[in-house]
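Participant: Following this message is one structure expressed as structure tokens.
The values are calculated or read from the model by the stated rules, or taken from the named source; none is laboratory data. The shown structure was predicted, so the numbers you read here are calculated from the model rather than taken from an experiment. Positions of Cβ are backbone-derived with ideal geometry, glycine not excepted, and every protein chain shown enters the neighbour counts.
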Amino acid sequence: MKNTFGNNLTVTVFGESHGPYIGFVMDGVTPGIKIDDEFIKHQLTLRRPSGAISTKRVEPDEYVVISGAFNGFTTGTPLTIIIPNTNTKSKDYDKTEFLARPGHADFTAECKYHGFQDYHGGGHFSGRITAAIVAAGAILIPALKEKGIIIGTHIKSLGGIKDISFSAYEKELAFLNDAEFPVLNEAAKFEMIEKIKDAASKGDSVGGVLETVVLNMPAGVGEPMFDSVESLLSHALFSIPAVKGVEFGAGFDMADAYGSEFNDAFYMDGDKVRTKTNNNGGINGGITNGMPIIFKTAVKPTPSIYKKQDTIDYKALVDKEILIEGRHDPAIIHRARVVVDSITAITVADLLVGRFGTDYLK
């Protein structure tokens, strides 16, 4: 199993959904970064379930810093944070131990780990593990902001309902990063919430698309081939459970058009190089060009639904029906946005440390 991401600044996540703890170890972190407890708590709150549109499993996420910090700052040695799991109901999963839940990793986990995996709550495959990613991102997001680099995400669409596009980036990101339900258009927010509630009332779920912006990333960061900015961000984003697609800039819309329609023309803005459009999402040849990095992330509907489904018993090798019980989200996209922001911060920080040195974020 490979649970470590990054080249220069690395993050290793560990734990299971119903185990005693989840957490992360961050290595290569710049010494002297402030551990902002209030911000970490704020970020974890954005991920935490809330109300009728989320699961009833609510964890307090009372994290503990156990290494790599002294007097409220990172020391530069491996930073480790653990988060206890305190609200588990493992018995909900015992009756379906050998049934492959459609859309889940039960069958593939059995193939890889030969029955030794912890199946309760999905074990290590659970979205619960993303709380550790959020805590790790909460260390780096303020440090990036000190360098002028700001990250933010909104729900671009949910169940066919669309939000408006970004326009005034900094103002909108400041709003979104405090919003419990990250949408720019209030009318779209109401419709999306009603769509989630309607799916929940039917025992079903909905998915959607997140749109993320990274502002003020310096030009010249990234590599032209296997460690391109797109490659590393996609690698990281696909580690988030339920992510099934990533596109940069205009993405797939460019495939059916002419180059003259989607090339980004350059111009001088004083002494700064800009492009008149940003169809390439701030990246050319795998390297940042100084424009905002823009990408979209497709989040599938939550696979745990309260409907009978066809499946198999992978121990007895017979066909079965399954009706999933337990506590599940009718949609996870509003909770996933802070996970996307966090994994983006980890990736961006790693890229910057690789380009400018270990102490860049100090």
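Participant: Restricting to the stretch 102-134, name every residue that is buried (at least 21 other Cβ atoms within 10 Å of the Cβ) and at positive phi.
Facilitator: Listed by number, the residues that qualify are 121, 122, 123.
Participant: Of the conditions (1) over 21 Å from residue 242 (Cα atoms); (2) assigned to a helix (DSSP H, G or I); (3) touching a residue at least 12 places away in the same chain (Cβ under 8 Å), residue 52 satisfies every one except a single condition; which number is it?
Facilitator: So residue 52 meets the others, but not (1).
Participant: Out of the residues in the stretch 198-211 that are assigned to a loop (DSSP other than H, G, I, E, B) and in contact with a helix residue (DSSP H, G or I) (Cβ under 8 Å, 6 or more places away or on another chain), state the one that is nearest to residue 351 (Cα to Cα).
Facilitator: Selected residue: 207.
Participant: Based on this model, can you work out whether residue 277 counts as out of contact with any Ser or Thr (no Cβ under 6 Å at 6 or more places or on another chain), under 27 Å from residue 177 (Cα atoms) and not aromatic (Phe, Trp, Tyr)?
Facilitator: yes
Participant: Starting from residues that are of a type in the set (S, T, N, Q) and crowded, with 20+ Cβ neighbours inside 10 Å, keep the ones in the stretch 281-303 and report whichever is farthest from residue 212 (Cα to Cα).
Facilitator: 302
Participant: Related question: Write out, first by first residue and then by second, each pair whose Cβ atoms fall under 9 Å of each other, whose residues are 6+ apart or on separate chains, and whose first residue, in the stretch 58-82, is among the aromatic types (Phe, Trp, Tyr) and in a strand (DSSP E or B) while the second is crowded, with 18+ Cβ neighbours inside 10 Å and at pLDDT 95 or above.
Facilitator: That search, which allows pairs on different chains as well, returns 73/33; 73/35.
Participant: Go through the residues of the stretch 324-339 one by one and say whether even a single one is surrounded by fewer than 22 Cβ atoms within 10 Å (Cβ to Cβ), free of Cβ contacts under 8 Å to residues at least 60 places away in the same chain and in contact with an Asp or Glu (Cβ under 8 Å, 6 or more places away or on another chain).
Facilitator: Scanning the stretch 324-339, I find no residue that is surrounded by fewer than 22 Cβ atoms within 10 Å (Cβ to Cβ), free of Cβ contacts under 8 Å to residues at least 60 places away in the same chain and in contact with an Asp or Glu (Cβ under 8 Å, 6 or more places away or on another chain), so the answer is no.
Participant: Follow-up question, since we're still on this one. Collect the residues in the stretch 17-74 that are of a type in the set (Gly, Ala, Ser) and either out of contact with any helix residue (DSSP H, G or I) (no Cβ under 7 Å at 6 or more places or on another chain) or within 26 Å of residue 88 (Cβ to Cβ) (or both), keeping them in residue-number order.
Facilitator: Residues satisfying the conditions are 17, 19, 23, 32, 50, 51, 52, 54, 67, 68, 69, 72.
Participant: Follow-up question, since we're still on this one. Would you confirm whether any residue within the stretch 119-133 is of a type in the set (S, T, N, Q) and free of Cβ contacts under 8 Å to residues at least 40 places away in the same chain?
Facilitator: no
Participant: Let me ask another. With (1) in contact with a Ser or Thr (Cβ under 6 Å, 6 or more places away or on another chain); (2) crowded, with 18+ Cβ neighbours inside 10 Å as the list, and residue 22 as the residue in question, which single condition is left unmet?
Facilitator: With respect to (1) in contact with a Ser or Thr (Cβ under 6 Å, 6 or more places away or on another chain); (2) crowded, with 18+ Cβ neighbours inside 10 Å, residue 22 is out only on (1).
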